[in-house]
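The next block holds one structure in the form of structure tokens; read it before the comments.
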Amino acid sequence: MIKVVYDIKVYREALKDIIKSEDIVVELGCHVGNSTKIISKLAPKGKIIAIDNSPESVKKMEALVSEYTNVEFRKADVRLHETLEDILKKIKTCDVLSVDLGGGYHPDTTFKVFFIWASSLKPRETIIRNRGLLDFIHSSKTEEIIKSKYGWLESSGKDGVPPGLKEFTLWSSKIK
Ligand SMILES: C[S@@+](CC[C@H](N)C(=O)[O-])C[C@H]1O[C@@H](n2cnc3c(N)ncnc32)[C@H](O)[C@@H]1O
């Protein structure tokens, strides 16, 4: 399932419905970790990779990592290929992908980040917090149904994997 939300309270409630105890969660845009703490408690037997490129995040996330031992933090730009590559080397599977680059953040960039990361990680579920995408969903109309069961777009799943990452198919069954 791909869930799209805007309100931060709705986002945090939705995390509770989605995340299971053993899940591996990739959180894009963790800021100072307010939702990371919630995710960490929801997945006590799992792992959380939290990423943010803001200098504001560093000290607070470093403190959080020492308290919440199932959390790892990376200060990195999630739009960069090298960031995705680094995470793919680290984890073999991802159960839940969360994309929150800011509720009002450019929907085009948010969608691109979702598409590339979800196509590569093939998560069971994805949650995206973005107002523009929510507006698009409710303002658009269609009679044709093309639908995916999981947290990535099955209709174009291969297209989203950057060419340099296709070599990972050799050792990760998750990228197909
Ligand atoms: C609204 S905050 C996230 C709030 C957080 N998810 C929570 O629930 O508390 C959005 C974050 O996305 C981060 N961000 C935006 N663009 C980014 C990028 N290209 N790479 C990494 N982080 C990014 C910002 O630095 C900011 O901390």
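Could you please let me know if VAL96 is in contact with a Leu (Cβ under 9 Å, 6 or more places away or on another chain) and either modelled with pLDDT of 95 or more or near the ligand (Cβ under 10 Å from one of its atoms) (or both)? Before you say what the answer is, go through the steps one by one.
On the way: in contact with a Leu (Cβ under 9 Å, 6 or more places away or on another chain): yes; either modelled with pLDDT of 95 or more or near the ligand (Cβ under 10 Å from one of its atoms) (or both): yes.
Yes; evaluated as a whole, the condition is true for this residue.
Need the failing condition index for GLY151 against (1) without any contact (Cβ under 8 Å) to a residue 60 or more places away in the chain; (2) surrounded by 22 or more Cβ atoms within 10 Å (Cβ to Cβ), just the number.
(1)
Check whether at least one residue in segment 48-70 is of a type in the set (Ser, Thr, Tyr) and either touching a Leu at 6+ places or on another chain (Cβ under 8 Å) or at pLDDT below 95 (or both), and report yes or no.
From segment 48-70, those of a type in the set (Ser, Thr, Tyr) are 54, 57, 66, 68-69; that's our starting set.
From what is left, the residues that are either touching a Leu at 6+ places or on another chain (Cβ under 8 Å) or at pLDDT below 95 (or both) are none.
No, segment 48-70 contains no residue that is of a type in the set (Ser, Thr, Tyr) and either touching a Leu at 6+ places or on another chain (Cβ under 8 Å) or at pLDDT below 95 (or both).
Restricting attention to segment 103-123, which residues are within 9 Å of the ligand (Cβ to nearest atom) and within 16 Å of LEU15 (Cα to Cα)?
Result: GLY103, single match.
Yes or no: segment 119-132 includes at least one residue that is surrounded by fewer than 24 Cβ atoms within 10 Å (Cβ to Cβ), in contact (Cβ under 8 Å) with a residue 60 or more places away in the chain, among the aliphatic types (A, V, I, L, M) and not in a loop (DSSP other than H, G, I, E, B).
no
Listed residues TYR6, TYR11; which is buried (at least 18 other Cβ atoms within 10 Å of the Cβ) and of a type in the set (Phe, Trp, Tyr)? Give the derivation first.
On the way: TYR6 fails: buried (at least 18 other Cβ atoms within 10 Å of the Cβ).
From the options TYR6, TYR11, the qualifying one is TYR11.
For residues that are away from the ligand (no atom under 16 Å from the Cβ) and either of a type outside the set (D, E, K, R) or touching a His at 6+ places or on another chain (Cβ under 8 Å) (or both), tally how many sit in segment 124-152.
Number satisfying all stated conditions: 12.
Determine which single condition LEU84 fails, assuming it passes every other condition in (1) in contact with a Phe, Trp or Tyr (Cβ under 8 Å, 6 or more places away or on another chain); (2) more than 23 Å from VAL161 (Cβ to Cβ); (3) aliphatic (A, V, I, L, M).
Every listed condition holds for LEU84 apart from (2).
The values are calculated or read from the model by the stated rules, or taken from the named source; none is laboratory data. Bear in mind the structure is a predicted one, so any value in this text is a computation, not a measurement. All Cβ positions, even for glycine, are placed from backbone atoms using ideal geometry, and neighbour counts span all protein chains on display.
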